[in-house]
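Take a look at the structure set out below.
The values are calculated or read from the model by the stated rules, or taken from the named source; none is laboratory data. Quantities reported herein were computed from a predicted structural model and do not represent experimental measurements. As a convention, Cβ positions derive from the backbone with ideal geometry for all residues, glycine included, and neighbour counts pool all protein chains shown. For accessibility, only protein heavy atoms count, side chains too; no ligands or nucleic acids. Shrake-Rupley method; radii C 1.70, N 1.55, O 1.52, S 1.80 Å.
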Amino acid sequence: MSDTHAPKLSYQPALPIPNGKTCLWLFLSTEILFFAGLIGTYIVLRFGAVAWPAPHDVLLSEPLGAFNTFVLICSSVTVVLGFEAAKLNQASKAKGYILLTFLLGCVFLGVKMFEYSHKFEHGIYPVKPHGMLYDKADIYYSGAVRKRLNDLRTQITLAGPEISKENKVRLEIIDQVTRKVDEAETAVRNQPDSPDGIIKLTELAYEIYPPHDQGTVIQAAEAGAIPPAIVVKYAALERPAGEQAIGGGEEHEGYNEKYSWLRLPIMIPGGPMWASTYFLLTGFHAVHVIVGLIVFGLMLFTTLDRSRANLVENVGLYWHFVDLVWIFLFPLLYLF
Amino acid sequence: MSDRDQHTEVGHDSHDHADHGGNGKYLLVFAALCILTMGSFLTYFPFWRAHVPYQASRALMMAISCTKAMLVIMFFMHLMWEANWKWVLTIPATFMSVFLMLMLVPDVGWRINNGYARYSEERWVYAADPPKVEASDMKAAEKDLLRKGAN
């Protein structure tokens, strides 16, 4: 046997791909772990939670989520088409696709911002003092409602000695709610062993912010977050599937919905935990989208010919990963 | 230096040879992704919710998400046409992710489907404000609810 047939052993100094791509894939593998941790924790918290709000309780819109999914899928296609164009040295075509990707990313963020602001307006926010979410209607909740009512009353009386017609109406509504708080708190104080007080507090909480889904009312009652007597009351309000949910009808409009200036604290069993996980997951995803948009924005000032194909590929890989994360977030957050 | 250039070249070459059907395949994958998304979104409609148990819906949604993820990884991220280096970077990360999830599962299993209230005995015992609900009260409330639902 001659030596010429012996295998020629030599070390391979690098992967057979550009160094930038190797680094990006290494980065993506850490990102996989990062989001796996976040999503895994969400799953533990969500399925281990005593109660969890229905999407409509926390103003989640499934069609908006689906629309955003569609937008991200489109942007994934445009970025991959941009890469193909750059490989073929079609710089202007590649730039057009990158511009399109940039715009689609902006649409995604715009929709996300709209969703966030809609929730913030209603006091659905992860932390106090902006957050007005309470897990159950207990004395801490009624205390917060009373504080808000007192603040509103002070605002009106401090405005001047002459109270306008509008403010008179407001004062009447404030007094009306205050009477209900008084009644419930008195019941809690006088009969601490009877569920009547808690039932009254829960009824007050649902008058302020009615539940949107019967299933979550039953779940909350099973978990002890609300008294079971409430279940029967709100079951009667349920309409057949396909029609408006409990809170949708005129007669079941909550105080907060009827009088937007009230902004009273709201009770959603599991709401605070939901807010923490939702804003954390979507927030981190949105940060990734923003980073992608910055890079796409910078790329618009360069010539995306064959020499830049590697750059387009790397940024594209990152963008596909961002899309990938949303593919899992959408059903988990909106549809589960 | 020349080594690196050579390898970079190899990288380019693998792409240039990797045109399996041009841009048409991307549009096909795009169509598949849209249809799959619609599949998940179907579970939102009351008609679906009335006829399919939520466990089945959730399993379907996760299956669809995994399929979509594979389509994106295989085609858009080109892993289908990459050389064997792809396994070095993707398999450990995937294993670690799965491991991480599995480590969390006992906690999930511990907490849910644990008797009537769907959370553990410990949480009942050590709850800050133990609910004073008799099981018979709950049963009565549920029966009442079903009766009203039937009307």
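What do you get for Rg/Rh over segment A:1-50 if you use C-alpha atoms and the Kirkwood form of Rh?
1.47
Can you give me the relative contact order of chain A as a percent, contacts being Cα pairs under 8 Å and 6 or more apart?
In percent, rounded to a whole number, it is 31.
Please work out the Cα center distance from segment B:18-62 to segment A:157-199, rounded to the nearest Å.
So the separation of the two Cα centres works out to 50 Å.
With the alpha-carbon atoms as the only input, what is the per residue convex hull volume for segment A:102-143 in Å³?
Per-residue hull volume (Cα only) is 73 Å³.
Per DSSP H run of n ≥ 4, the term is -39500 (n - 2.57); total these for chain A, divide by its residue number, and report the mean residue ellipticity at 222 nm rounded to 500 deg cm²/dmol.
-22500 deg cm²/dmol
Students sometimes get this wrong: rank A:CYS74, A:CYS106 by accessible area, probe 1.4 Å, all chains present, largest first.
A:CYS106, A:CYS74
Taking the C-alpha atoms of segment A:59-106, how large are the radius of gyration and the largest Cα-Cα span, Dmax, in Å?
Spelled out, the Cα radius of gyration and Dmax of segment A:59-106 are 13.2, 47 Å.
Would you mind computing, in nm to one decimal, how far apart the modelled labels at A:ASN190 and A:THR302 are, each placed 7 Å from Cα along Cα→Cβ?
Each label point lies 7 Å from its Cα, and together they span 7.5 nm.
If we count every other residue with Cβ under 15 angstrom of A:GLY160's Cβ, Lys/Arg +1 and Asp/Glu -1, where does the sum land?
Within the 15 Å Cβ shell, the charges total +2.
Positive end of the dipole of segment A:47-121, charges at C-beta (+1 Lys, Arg; -1 Asp, Glu), about the Cα centre: which of A:LEU81, A:ALA51, A:GLY110 has its Cα farthest in that direction?
It is A:LEU81.
Measure up A:LYS128/B:LYS139; A:LYS128/A:LYS180; A:LYS112/A:LYS147; A:LYS165/A:LYS233; A:LYS136/A:LYS165 against 29 Å on the Cα-Cα distance and list the ones that go over.
A:LYS128/B:LYS139; A:LYS112/A:LYS147; A:LYS165/A:LYS233; A:LYS136/A:LYS165
Counting other Cβ atoms within 10 Å, which GluC sites (Glu not before Pro) in segment A:135-228 have at most 13 and lie in a DSSP loop?
For GluC sites (Glu not before Pro) across segment A:135-228 that sit outside H, G, I, E and B with at most 13 neighbouring Cβ atoms in 10 Å, the list reads A:GLU162.
With equal scatterers on the alpha carbons only and no solvent term, can you work out the Debye log10 of I(q)/I(0) for chain A at 0.07 1/Å?
Calculated log10 I(q)/I(0) at the listed q: -0.44.
Using the Cα atoms of segment A:1-87 to build a convex hull, what is its mean projected area in square nanometres?
The number I arrive at for segment A:1-87 is 12.0 nm².
About its Cα centre, what dipole magnitude does segment A:78-216 give when the only charges are +1 on Lys and Arg Cβ and -1 on Asp and Glu Cβ, stated in debye to the nearest 20?
760 debye
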